[in-house]
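Visitor: Sharing a structure with you now.
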Amino acid sequence: MNQTRTKDTGSSTGNPKESFGNTLRFLTLRVNGSELRCAAPPKALLLDVLREEFNLIGTKRGCDMGTCGCCNVLLDGQAVPSCLVLAFDCEGKEIQTVEGLSVEVDGHLHPLQSAWAHSGGSQCGFCTPGFLMTAKELLEHNPHPSRDEIAEALSGNVCRCTGYKKILDAVECAAQQLQGISQEEER
Amino acid sequence: MNHPHDLPNQKHSLIGKRIPLIDAFRKATGQAIYTDDIKLPGQVVGKILRSPHPHAKILSIDVSEAENIPGVHAIVTGRDAENCFGVLPVSQDETALAVDKVLFIGDNVAAVAADTEEIALRALGAIKVEYQVLRPFLKMEESLEQVPEELRLHPKTYDGTNIHKQVEQDFGDFDRAYDEALWKKRQSFRFIGVTHAFTEPMCTIAFFDADERLTVWSATQVPHYLHRALAKVLEMPMHRIRVIRPTVGGGFGGKSDPFPHEMVAALLSRKCRRPVKILFDREEVFYSNHGRHPSKIDVALAIDKNHKISGLHVDALIDGGAWGSFGVVTAYYNGVLANGPYKLPNFRYRGRRVYSNKPPCGAMRGHGAVNTRYAYEILLDEAAHDLGLDPAAFRRDNVLPPNTKTINELRITTSGIGECIDRAVEASSWKDKYGKLPFGHGIGIAGGFYISGSALPIHWDKIPQSTVHLKVDLDGGVTIHSLAAEIGQGSDTMLAQIVADVLGLPIDYCRVFSEDTDTAPIDLGSYSSRVTFMAGNAARRAAEELRKALIQAAADLSGYPPEVFILKDEKVINCTRPEIQVSYREAVRRAMKDCGALQSSGCYQAPPMGGKFKGAAAGLSPTYSFQAFVVELSVDLQTGKPKLHDVWAAHDCGKALNPLAVEGQIEGSIHMGLGQVLCEEFAYNKGNVLNPNFLDYRTLSPMEMPRVHPILVETCDPEGPFGAKECGEGPLLPILPAVSNALFDAIGIRFYELPITADRIWRALERQKKSSATLV
Ligand code: FES
Ligand code: FES
């Protein structure tokens, strides 16, 4: 209760540079293939920068302590809770958020996204972006996961609505689709 | 019974189809906007100072130092708004912020609006509060004591105690049934509290603007009740307040009360005239709780010589925490909702909900029915076992027939309980497994039933419970206006499906606006499993009005009488001569010709029903869902760890308007129910929540979930929209006792206390080894 969550983004009344001794520094991040810049204090967390500075609100804040997975993003291809990562540690790395999934497939839905929608993987949807990123990491390393492997890979993400069944269905379905796509590419 | 909408010639194009939820693509792309995703120009941060004491008098609050911190825009305390509110008009005992006393650790004491969160927190730290600590009431039994006035948590309690609500009901002659019983047993059960654990923390933005109008964006299940509460607390007319519900990240009952932080954001904004956002951290979500009540339930069950249930006595002591919330209803539901799905000729109930100095409890999925259901179904299983009966067949022999009245005058119309049992038994190969699996491996069954919305609204102002407006655009697009809150359960999709089906349109013709009190007609919101039944009926009626207008237009254009037309595939078709057609758009234009705007409205109000006795309204519903679940599991005999294999979940939802969504509700309910029976626990120490985070309050992970096999039983309710009934809460009820009964089949041990964690099972197994007793 009452811990500081967000970084100090400066105030409309005071000088942002002086706020509580948190000198702002320039931050450059590569997000979804674009170079984005802002000024942030050294302690800024990746989740705060994505949401507050870059307005990438698809990444959700569920707990601020690495326990729900709603804020998961890919950092050099690895799914991490962005609420536990310092933004400045991400400089020079490739960050992908849910908004970047469709960028990757020319603005169309990524197979994971359409599988999610068609399988009923989202109810309230608050967990969905985090799950999508975790699932993407899984499928990149293991294109044909078993149901148990999917369940294990997703066990750091909390969903309170679906009971997970349709989420596992969605990942299975996306894996099949991606396999079809890669076979087509080979031909 | 014939439905007016079941015209012989108009086939359903969308009803009963597995279609993705209409917001699924927005959600899968991160485009759905939740409250915390909204940022208004000039918005400041609101933070609440919380009580460190479970029970204390506030002697003084000094905000002078905090006020002078640069970047602080407003500070409010309880004195700024003393009007009480609460979700039920009969027990309004909450205030925006504590006025004289704090009632739990985490209670709201003062609030600050500041430029940043850091400044807001510094300001909270600078507020000086002087408390006089009072004796806390932390155990339910203590709240039964008569105590001096200053130790009562609220002015309105029973007899100088801290009892909030006491209910007594007596139907038939329980004592006689018990005396004459072939089998009988009294047993005491204990349940800890559990909480919703939705993934989106509470969040509210309030903006009191230059026109002196207040707009509140909030993650709420019931915009209408929030609207009313804001009006009362802020002493503003409702027409100057607008409530907007952005996408909601799960509710399960936990966002159905109007909340103090919603009042506080509005008060702060009125003071500083800027938009104020209050976003809870996960710990605050736990502190505001409103989850399932901990309870101690004593049950006595009597079975007569014909193996029929002859009497049930329930005595429930329920821990309500600091506020009333939905508690009056909870006090009733713990007993009233034991009157199905089995025939019960004699029933006695005493329910006492007490106040205590802990975070308030409220409505949570399966509200009021879950714990008593567990107790009842365990005793039924024991009776069957002792009498040498198959527990599935024994239940089957006792089911309520359709079209009947229970002893407490609940009106039962359609009932699929028999079919639910049969199909779950069949699908699970029950007969090959029950009592035949090796030690450590077991199968269990349990039943349940639940309301499809409360027949009597909690505000007695005689307006329909649901109203839906439709507006048609020039090109035929239909805008659906409703205040039934989409909270992930798929209600927007349900409305669009119904309207599009009636009009013979593809679903993407429909857009749903269900988030704004300024544009939507009143709907009592998403709780008590009411939306499909009530808002669905309203939508169907509104769409039928439109259909009439379109058919009239086609008749005018073609010269044939209206009776011969149906709407299908974007056409109005003469079904006696199918080559005579008017396109949907032509019909729309024609229908608009004389009025300019093509609009319609439909509403739903439950028919009168129920007895005349005190509390007769509780538990009444226009229809009930029914369910029977079979669970198969095994237990690791070394560690006590249970492993769930399969759940066969038969649920009578009347008609599955969208099977994909119905299954999702069943699967989600099972996940939540499994959590309560196996691992979830809202733990306290001296009134302090011990596990206010997802690490320590553990929900089941995908790896721990069994294979769930939903079985959809369709009894086509004559009053439901296309026959539909609820599916969002009922499926939670049977999973808890079904697991426990399967554990008994596996290891021969009964569990009368939840959660049944591995260590409890292990200890019970150790005791079992030492003695031959089978009871724990
Ligand atoms: S918000 Fe980062 S894991 Fe929950
Ligand atoms: S869909 Fe609501 S938390 Fe997963």
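The values are calculated or read from the model by the stated rules, or taken from the named source; none is laboratory data. Computed from a prediction, not measured in an experiment: that's the story for all the values here. FYI the Cβ positions are ideal-geometry reconstructions off the backbone, even for glycines, and counts take in every protein chain you see. Protein only, heavy atoms only, side chains kept; ligands, DNA and RNA dropped before computing areas. Shrake-Rupley method; radii C 1.70, N 1.55, O 1.52, S 1.80 Å.
Okay, residues lined up against (1) outside any loop (DSSP other than H, G, I, E, B); (2) touching a His at 6+ places or on another chain (Cβ under 9 Å); (3) within 22 Å of B:V276 (Cα to Cα); (4) open to solvent by 20 Å² or more (accessible area, probe 1.4 Å):
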{"residue": "B:I15", "(1), (2), (3), (4)": "no, no, no, no"}
{"residue": "B:F25", "(1), (2), (3), (4)": "yes, no, no, yes"}
{"residue": "B:A32", "(1), (2), (3), (4)": "no, no, yes, no"}
{"residue": "B:P41", "(1), (2), (3), (4)": "no, no, yes, yes"}
{"residue": "B:P89", "(1), (2), (3), (4)": "no, yes, no, yes"}
{"residue": "B:F104", "(1), (2), (3), (4)": "no, yes, no, no"}
{"residue": "B:A111", "(1), (2), (3), (4)": "yes, yes, yes, no"}
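Visitor: Could you list, in sequence order, the residues of the stretch B:697-753 that are small (G, A, S), surrounded by fewer than 23 Cβ atoms within 10 Å (Cβ to Cβ) and within 14 Å of chain A (Cβ to nearest Cβ)?
Guide: B:S701
Visitor: Which one of B:V512, B:V499 is more than 30 Å from B:L633 (Cα to Cα), more than 16 Å from ligand 1 (Cβ to nearest atom) and either modelled with pLDDT under 95 or open to solvent by less than 10 Å² (accessible area, probe 1.4 Å) (or both)? Spell out how you get there, then give the answer.
Guide: On the way: B:V512 fails: either modelled with pLDDT under 95 or open to solvent by less than 10 Å² (accessible area, probe 1.4 Å) (or both).
The conditions single out B:V499.
Visitor: Still on this structure, please answer the following. Pairs under 6 Å by beta carbon, first residue within 16 Å of B:G327 (Cβ to Cβ) in the stretch B:158-173, partner open to solvent by less than 60 Å² (accessible area, probe 1.4 Å) and among the charged types (D, E, K, R), six or more apart or different chains?
Guide: Cβ pairs passing all conditions: B:I163/B:R352; B:H164/B:R353; B:K165/B:R353; B:Q166/B:R352.
Visitor: Assuming A:D169 fulfils every condition listed in (1) acidic (D, E); (2) more than 16 Å from ligand 1 (Cβ to nearest atom); (3) open to solvent by 50 Å² or more (accessible area, probe 1.4 Å) apart from one, which condition is it?
Guide: So A:D169 meets the others, but not (3).
Visitor: Would you mind finding the one in A:A117, A:A135 that is within 13 Å of another protein chain (Cβ to nearest Cβ), within 16 Å of ligand 1 (Cβ to nearest atom), over 18 Å from A:I57 (Cβ atoms) and not in a loop (DSSP other than H, G, I, E, B)?
Guide: Values: A:A117 fails: within 16 Å of ligand 1 (Cβ to nearest atom).
After ruling out the rest, the residue left standing is A:A135.
Visitor: Against the condition modelled with pLDDT of 95 or more and basic (K, R), how does A:K60 come out, does it pass? Can you show your working first?
Guide: Working: modelled with pLDDT of 95 or more: yes; basic (K, R): yes.
Taking the combined requirement at face value, the residue satisfies it.
Visitor: A further question on this structure: Which condition does B:S771 not pass, out of (1) open to solvent by 20 Å² or more (accessible area, probe 1.4 Å); (2) among the small types (G, A, S); (3) touching a residue at least 60 places away in the same chain (Cβ under 8 Å), if it passes all the others?
Guide: Against the list (1) open to solvent by 20 Å² or more (accessible area, probe 1.4 Å); (2) among the small types (G, A, S); (3) touching a residue at least 60 places away in the same chain (Cβ under 8 Å), B:S771 comes up short only on (3).
Visitor: Picking from A:A175, A:A115, A:A170, A:A135, which residue would you name as being farther than 29 Å from B:G673 by Cα and in contact (Cβ under 8 Å) with a residue 24 or more places away in the chain?
Guide: Values: A:A115 fails: farther than 29 Å from B:G673 by Cα; A:A170 fails: farther than 29 Å from B:G673 by Cα; A:A135 fails: farther than 29 Å from B:G673 by Cα.
After ruling out the rest, the residue left standing is A:A175.
Visitor: Working carefully through the options B:I573, B:I551, find the one that is on the phi < 0 side of the Ramachandran plot, over 41 Å from the mean Cα position of the chain (by Cα), outside any loop (DSSP other than H, G, I, E, B) and crowded, with 20+ Cβ neighbours inside 10 Å. Show your work before the answer.
Guide: Values: B:I551 fails: over 41 Å from the mean Cα position of the chain (by Cα).
Every option except B:I573 fails the conditions.
Visitor: Within 30 Å of B:A56 (Cβ to Cβ) and either at pLDDT below 95 or not assigned by TED's automatic domain parsing to the domain that holds B:F104 (or both) - does that describe any residue in the stretch B:665-681?
Guide: Of the stretch B:665-681, the ones within 30 Å of B:A56 (Cβ to Cβ) are B:680-681.
Adding the requirement that they be either at pLDDT below 95 or not assigned by TED's automatic domain parsing to the domain that holds B:F104 (or both) leaves B:680-681.
Yes, there is a match, as at least one residue in the stretch B:665-681 is within 30 Å of B:A56 (Cβ to Cβ) and either at pLDDT below 95 or not assigned by TED's automatic domain parsing to the domain that holds B:F104 (or both).
Visitor: Condition first: in contact with a Gly (Cβ under 8 Å, 6 or more places away or on another chain), away from ligand 1 (no atom under 16 Å from the Cβ) and either in a strand (DSSP E or B) or free of Cβ contacts under 8 Å to residues at least 24 places away in the same chain (or both). Can you find one or more residues in the stretch A:51-73 that meet it?
Guide: For the stretch A:51-73, residues in contact with a Gly (Cβ under 8 Å, 6 or more places away or on another chain), away from ligand 1 (no atom under 16 Å from the Cβ) and either in a strand (DSSP E or B) or free of Cβ contacts under 8 Å to residues at least 24 places away in the same chain (or both): absent.
Visitor: Suppose the filter is closer than 18 Å to B:T699 by Cβ, in a helix (DSSP H, G or I) and either in contact with a Gly (Cβ under 8 Å, 6 or more places away or on another chain) or not assigned by TED's automatic domain parsing to the domain that holds A:C70 (or both); does A:K166 pass it?
Guide: Numbers: closer than 18 Å to B:T699 by Cβ: yes; in a helix (DSSP H, G or I): yes; either in contact with a Gly (Cβ under 8 Å, 6 or more places away or on another chain) or not assigned by TED's automatic domain parsing to the domain that holds A:C70 (or both): yes.
It is true that A:K166 is closer than 18 Å to B:T699 by Cβ, in a helix (DSSP H, G or I) and either in contact with a Gly (Cβ under 8 Å, 6 or more places away or on another chain) or not assigned by TED's automatic domain parsing to the domain that holds A:C70 (or both).
Visitor: Starting from residues that are open to solvent by 10 Å² or more (accessible area, probe 1.4 Å) and over 29 Å from B:G251 (Cβ atoms), keep the ones in the stretch A:38-50 and report whichever is nearest to ligand 1 (Cβ to nearest atom).
Guide: From the stretch A:38-50, those open to solvent by 10 Å² or more (accessible area, probe 1.4 Å) are A:38-39, A:42-43, A:45; that's our starting set.
In the following step, the residues that additionally are over 29 Å from B:G251 (Cβ atoms) were identified as A:38-39, A:42-43.
Details: A:C38: 20, A:A39: 23, A:P42: 20, A:K43: 16 Å.
Taking the candidates together, the pick is A:K43.
Visitor: Do you know which residues across the stretch B:77-106 are of a type in the set (S, T, N, Q) and farther than 23 Å from B:L456 by Cβ? If you could, list the steps in order and put the result at the bottom.
Guide: Step one: list which residues in the stretch B:77-106 are of a type in the set (S, T, N, Q), which gives B:77, B:83, B:91-92, B:95.
Correct list: B:T77, B:N83, B:T95.
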